[in-house]
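The values are calculated or read from the model by the stated rules, or taken from the named source; none is laboratory data. The structure displayed is predicted, hence computed values, not measured ones. Cβ placement follows ideal geometry from the backbone for every residue including glycine, while neighbour counts extend to all protein chains displayed. When the accessible area is computed, the model is the full protein with side chains, heavy atoms only, and any ligands, DNA or RNA have been set aside. Shrake-Rupley method; radii C 1.70, N 1.55, O 1.52, S 1.80 Å.
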Amino acid sequence: MITDPSRSTLLITGGAGFVGSSLALRWKARHPKSEVIAFDNLKRRGSELNLGRLKDAGIRFVHGDVRSAEDLLGLPRIDAMIECSAEPSVMAGYGAGARYVVDTNLLGTANCLELVARDKADLVFLSTSRVYPIAALNNAMSVRDGRFEVQQPMTGLTASGLSEDFPLTGVRSLYGATKLASELLIAEYAQMHGVRTVIDRCGVIAGPWQMGKTDQGFVLLWLARHHWNLPLSYTGFGGVGAQVRDVLHVADLCDLVTLQLENMEAQNGASYNAGGGVNNSAAMHEFTGISQRITGKKIEVGSDREDRPGDIKWYVTDNSRITAATGWAPTRDLDAVFGDSYTWLKQHDAQLRVIMA
Ligand SMILES: NC(=O)c1ccc[n+]([C@@H]2O[C@H](COP(=O)([O-])OP(=O)(O)OC[C@H]3O[C@@H](n4cnc5c(N)ncnc54)[C@H](O)[C@@H]3O)[C@@H](O)[C@H]2O)c1
């Protein structure tokens, strides 16, 4: 349990990943005397690029795997954990690879919870908007002016976003299911062991150090394809880029998680939606316009009409609950997300070309 943030020991699983490394660096910068451990199996291509900057900041890296209870329980005593390890792609596990998703995203959480219970540590869990079922969401949408919009508002769903009240019945992808099942385990461990927990169900997060690829991290994928003049397509739902997403700048997420870890007593037991919100939302073809403007480059965007498994027509976060409870709301707009990401991409052109091109 964190009693003094400035002297805390914080473990970040998935700590070499995009979100995990950003959080590790933020916490260490804010609390230089704290000990921060970044734990990662380096499964994600590009995570290895973070090791240098973690080391330079005085963050200890542990090469380990959340699928191994021994790897986690071999760690020294911790005050808090941020669980950021995952196979984070919604498309993962369709066809093949299901076991990696289940073993990392669900059994990995169970192993993390054993460590949390051992040390009576605080836990912030990075969950996902994908816990909400696909069909119920898609059935409420229709296209107007080239973008999906809410045609049938329902419980927890209005044009300004999806809230925690949206019903959970239905299929949600293996990714979403393993995250939701993890949330259930967290509630049980919290009660059994009296540990403090908070869950953030995040929509799309983006920003510098995201290793965008075709199945995850679309903002960086879009920018990279423009920057290096590589092929890009709109996929599914007619292949015209009508899908709508909101985007949260990773720095806004760092603001939130820092605030939560520093106020765990008030946050304890909460589960929130957290995302860019309606002001940071756009259709995929509009993201192309932003990418053109930010990069100054134009590419032909193709069309693949075949729907992707697990794809949703629209997701916009309703941040009402989290804003009311914490005062937090995103402060960086889409231009900041795309602009900051592109600056980083250009700065590391040669290194990133090997990974993202
Ligand atoms: N990026 C987003 O848009 C987004 C949105 C919602 C939720 N999330 C959640 O946020 C968290 C962080 O995502 P991210 O975007 O940083 O992804 P990421 O892929 O960049 O980071 C995940 C890290 O976990 C590591 N990892 C994978 N399997 C592991 C294992 N078995 N043991 C130890 N480490 C392992 C990877 O090597 C990687 O460094 C995840 O839980 C993800 O589900 C992300």
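Here is how the numbers come out for the structure above:
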quantity	calculated
Residue match in the range 254-275 (condition: in a loop (DSSP other than H, G, I, E, B) and at positive phi)	yes
Residue count for the range 210-241, restricted to those that are of a type outside the set (Lys, Arg) and not in a loop (DSSP other than H, G, I, E, B)	14
Of the criteria (1) touching a helix residue (DSSP H, G or I) at 6+ places or on another chain (Cβ under 8 Å); (2) within 25 Å of VAL101 (Cβ to Cβ); (3) open to solvent by 50 Å² or more (accessible area, probe 1.4 Å), which one ALA187 fails	(1)
Unique residue being of a type outside the set (Asp, Glu) and touching an Asp or Glu at 6+ places or on another chain (Cβ under 7 Å) when the list is VAL101, VAL62, VAL66, VAL116	VAL101
Breaking point among (1) part of a helix (DSSP H, G or I); (2) touching a strand residue (DSSP E or B) at 6+ places or on another chain (Cβ under 9 Å); (3) open to solvent by 30 Å² or more (accessible area, probe 1.4 Å), for ALA29	(2)
Residue in the range 38-56 that is under 22 Å from GLN260 (Cβ atoms), away from the ligand (no atom under 13 Å from the Cβ) and not aromatic (Phe, Trp, Tyr) present	no
Within the range 70-100, considering residues that are among the small types (Gly, Ala, Ser) and open to solvent by less than 30 Å² (accessible area, probe 1.4 Å), the one farthest from the ligand (Cβ to nearest atom)	ALA80
Residue check, ALA329 on the phi < 0 side of the Ramachandran plot, surrounded by fewer than 15 Cβ atoms within 10 Å (Cβ to Cβ) and without any contact (Cβ under 8 Å) to a residue 60 or more places away in the chain	no
Tally, over the range 313-327, of residues that are in contact with a strand residue (DSSP E or B) (Cβ under 7 Å, 6 or more places away or on another chain) and under 16 Å from SER160 (Cβ atoms)	8
The range 33-43, residues that are closer than 22 Å to GLU70 by Cβ and open to solvent by 10 Å² or more (accessible area, probe 1.4 Å)	GLU35, ASP40, ASN41, LEU42, LYS43
Residues within the range 203-240 that are of a type in the set (Gly, Ala, Ser) and farther than 18 Å from PHE338 by Cα, tallied	4
Checklist (1) within 20 Å of the chain's Cα centre (by Cα); (2) on the phi > 0 side of the Ramachandran plot applied to VAL66, failing item	(2)
Residue within the range 304-320 that is in a helix (DSSP H, G or I), among the small types (Gly, Ala, Ser) and open to solvent by 60 Å² or more (accessible area, probe 1.4 Å) present	yes
TRP209, sole failed condition from (1) free of Cβ contacts under 8 Å to residues at least 40 places away in the same chain; (2) under 22 Å from the mean Cα position of the chain (by Cα)	(1)
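Every residue, every condition in (1) open to solvent by less than 10 Å² (accessible area, probe 1.4 Å); (2) among the β-branched types (Val, Ile, Thr); (3) within 12 Å of the ligand (Cβ to nearest atom), yes or no:
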position: VAL102; (1), (2), (3): no, yes, yes
position: ASN105; (1), (2), (3): yes, no, yes
position: GLY108; (1), (2), (3): yes, no, yes
position: ALA121; (1), (2), (3): yes, no, no
position: PRO133; (1), (2), (3): yes, no, no
position: MET141; (1), (2), (3): no, no, no
